[in-house]
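All of the numbers you see were taken from the coordinates with simple rules; none came from a lab. For clarity, every value in this text was computed on a predicted model and none was experimentally measured. Here the Cβ positions follow ideal geometry from the backbone for every residue, glycine too, while neighbour counts run over all protein chains shown.
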Amino acid sequence: QIRASNHLRVLRASYTSFAHSVPPLNDRTLLKSQTYVNGKWIDARSGMTFEVTDPASGKVIGTMPEMDKTDVDAAIKAAADALPAFRKTTGRERAKMLRKWYQLMVDNADDLAKLITWENGKPLADAKGEVSYAANFFEWFSEEAPRVYGDTIPASVPGNRVFTIKEPVGVCGLITPWNFPAAMITRKIGPALAAGCTVVAKSPGETPFTAAALAELAHRAGIPPGVVNIVTSLNNTAEVGEAITSSPIVKKVSFTGSTRVGKLLMKQSSDTLKKLSFELGGNAPFIVFDDADLDTAVAGAIASKFRSSGQTCVCANRIYVQQGIYDQFAKAFTEKVNNFKVGSGYAEGITHGPLIHDRAVSKVQSHVDDAVKHGGKVLIGGHKLPDFGPNFFEPTIIRDMTNDMAIAHEETFGPVAGLFSFKDEAEIVKLANDTEVGLAGYFFSKDIQRCYRIAEALEVGMVGVNTGLISDPAAPFGGVKESGFGREGSKYGIDEYMTTKMVTLGGM
Ligand code: NAD
């Protein structure tokens with residue numbers, strides 16, 4: 001039996017209903033039902049469409065073209081045809097295009113945020129934050145585009161001169177998930193275009209409208225036809241993925257999503273030996289040492305665990321609190337979660353929206369049930385919220401977690417915080433690293449030596465020390481182990497879309 005505290009009533013009382021209709025956009029032309037290939041708005045050749053659902057109400061809110069291999073091949077051809085001219089543009093010319101696209105995102109930020117909330121469900125304030133974060137990738141890579149340098153290398157052979165040139169890798173296939181409908185796309189398209197590549201981006205089946213709006217802004221920014229092509233699919237995703245990964249024209253695939261699909265795409269890409277970057281699943285440890293500042297640690301846990309209702313790849317999945325501060329942390333953390341307002345992302349003051357679909361809700365419920373079965377105690381939440389809509393789940397905290405529970409080993413990808421306790425540094429490093437994946441890790445401590453020690457000991461690609469928020473276009477984002485490889489954002493992000501050509505000039 002799941003026992004929830006009386007805080008539950010507060011959560012229920014916070015719900016505000018919303019009449020789901022077309023979002024009230026300032027510019028209605030940003031809402032599309034076609035997709036953008038070779039500079040034109042098109043349907044699938046088959047005429048098929050798929051339905052897009054509002055996760056808050058479960059109602060169908062529109063349709064998009066259900067594309068297949070022939071559509072993908074046409075988009076790849078458009079990208080290949082556009083490549084020779086685009087790769088010859090200068091870095092400064094590409095910077096101006098990206099900058100213009102960035103500015104159009106800023107100018108249309110309210111509408112883009114409304115679209116994100118509409119199809120993803122996240123609260124409008126979070127959606128606005130995402131638009132700003134997403135646009136910043138275009139700004140950042142507009143600044144990187146003119147600053148791609150090769151090397152002049154002192155040769156080992158007398159009379160030779162050696163230098164390197166950085167060249168765009170070519171046509172890129174980009175596949176992104178629904179949890180950040182704008183940012184996951186701009187984080188890939190920004191560096192690809194900055195490098196001089198052309199792209200075929202498969203937008204997430206659950207959230208295709210934001211991607212289409214971004215394409216409309218690309219068009220207005222004067223990005224040449226064929227440079228940015230968006231293919232759409234929900235039910236044919238496997239076929240679309242295979243068309244991209246098996247195409248000999250596509251030279252690079254960048255994928256963000258689950259480790260399971262990443263492994264499949266890697267296998268599919270092996271026949272044509274593509275350059276790959278994979279941002280895959282995580283299972284982030286979030287560690288609070290006895291000497292941490294309690295308020296900072298609680299604020300960090302709220303941000304890291306519950307942002308986007310726990311549907312972020314870097315979100316804290318296992319919260320480890322040292323024994324001396326465990327009860328205090330559990331109490332303060334629960335008090336904060338008690339203040340959440342769950343409901344439709346459009347409603348005033350809502351802090352947490354629905355999950356993306358019923359499969360996500362079922363997974364969250366199964367993790368809660370499993371934890372309770374093995375002795376976990378629910379401090380707050382623990383249930384679905386069917387009165388709110390089909391995909392709502394209460395923000396949940398469970399204490400007395402143990403290593404035999406599913407949450408210890410699997411990514412929940414939902415609003416459930418499991419609190420584990422630990423004794424000392426040696427134990428926690430072992431526990432934190434006891435997973436096949438390694439995306440993000442967090443810890444809280446005021447001891448500077450410990451901060452270095454633990455940052456170095458964690459087997460992850462990104463570490464947050466005394467903060468729960470680490471995403472920044474200026475910082476390299478990516479994982480180790482089965483969380484994938486490659487880095488997005490930062491000065492490293494553009495390298496993923498370039499090759500290094502070496503030139504040796506003899507007979508000097
Ligand atoms: P998913 O792997 O099922 O789907 C991700 C995207 O891949 C989807 O939008 C879909 O369009 C596409 N896809 C699915 N099957 C495909 C196939 N056979 N061929 C080609 N494309 C295919 O993951 P999900 O459940 O939708 O998203 C959540 C996962 O993504 C989590 O594991 C999360 O950690 C991960 N994620 C990682 C990052 C990161 O940067 N590391 C960011 C966000 C999400």
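Listing for the model above:
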item	result
Segment residue 434-residue 153, extension gain: residue separation times 0.36 nm, minus the distance between their alpha carbons	96.9 nm
About the Cα centre, charge dipole magnitude for region 218-338 (Lys/Arg +1, Asp/Glu -1 at Cβ), debye	620
Loop-resident sites, region 101-161, for chymotrypsin sites (Phe, Trp or Tyr not before Pro), counting at most 13 other Cβ within 10 Å (DSSP)	149
Cross-link table 275/481; 305/491; 430/481, entries beyond 23 Å C-alpha to C-alpha	305/491
Relative contact order of the chain, defined on C-alpha pairs under 8 angstrom at six or more residues apart (%)	20
Cross-link pairs 122/252; 59/263; 69/252 - those with Cα-Cα distance over 25 Å	122/252; 59/263
Between region 454-508 and region 77-129, the alpha-carbon center distance in angstrom	22
Net charge contributed by nearby residues that have their C-beta within less than 12 Å of residue 222 (K/R +1, D/E -1)	+4
Set of region 464-508 residues, backbone N closer than 12 Å to the point 7 Å along the Cα-Cβ line of residue 163	503-505
For region 44-126, alpha-carbon Rg over 2.2 N^0.38 Å	1.50
Efficiency of FRET from Cβ geometry, residue 404 and residue 41, R₀ 45 Å, rounded to 0.05	0.30
Within region 219-237: backbone nitrogen closer than 20 Å to the residue 90 label point (7 Å, Cα to C-beta)	222-224
Two-site label geometry, residue 125 and residue 267: point separation in nm, points 7 Å out along Cα→Cβ	4.5
Longest site-free stretch - the chain; sites: GluC sites (Glu not before Pro), DSSP loop, at most 12 other Cβ within 10 Å	1-347
Helix-only mean residue ellipticity at 222 nm for the chain, each DSSP H run of n ≥ 4 adding -39500 (n - 2.57), per residue, nearest 500	-11500 deg cm²/dmol
Cubic angstrom per residue, convex hull over Cα atoms of region 240-386	163
Reach of residue 100 by Cα under 13 Å, taken over aspartates and glutamates that are not fewer than 8 positions away in the same chain	139, 143, 216
Rounded if a/c under 1.5, otherwise prolate or oblate - the chain, Cα gyration tensor axes	oblate
Kirkwood hydrodynamic radius over Cα pairs of region 399-447, then Stokes diffusion coefficient at 10 °C and 1.306 mPa s, in µm²/s	129
Segment residue 369-residue 455, extension gain: residue separation times 0.36 nm, minus the distance between their alpha carbons	27.7 nm
Stretch gain in nm, segment residue 348-residue 387, where the contour uses 0.36 nm per residue and the Cα spacing is subtracted	12.2 nm
Cα gyration tensor shape of region 300-340, rounded if a/c is under 1.5, else prolate or oblate by comparing a/b with b/c	oblate
Given the chain, longest segment not containing exposed loop trypsin sites (Lys or Arg not before Pro) (DSSP; at most 15 other Cβ within 10 Å)	60-422
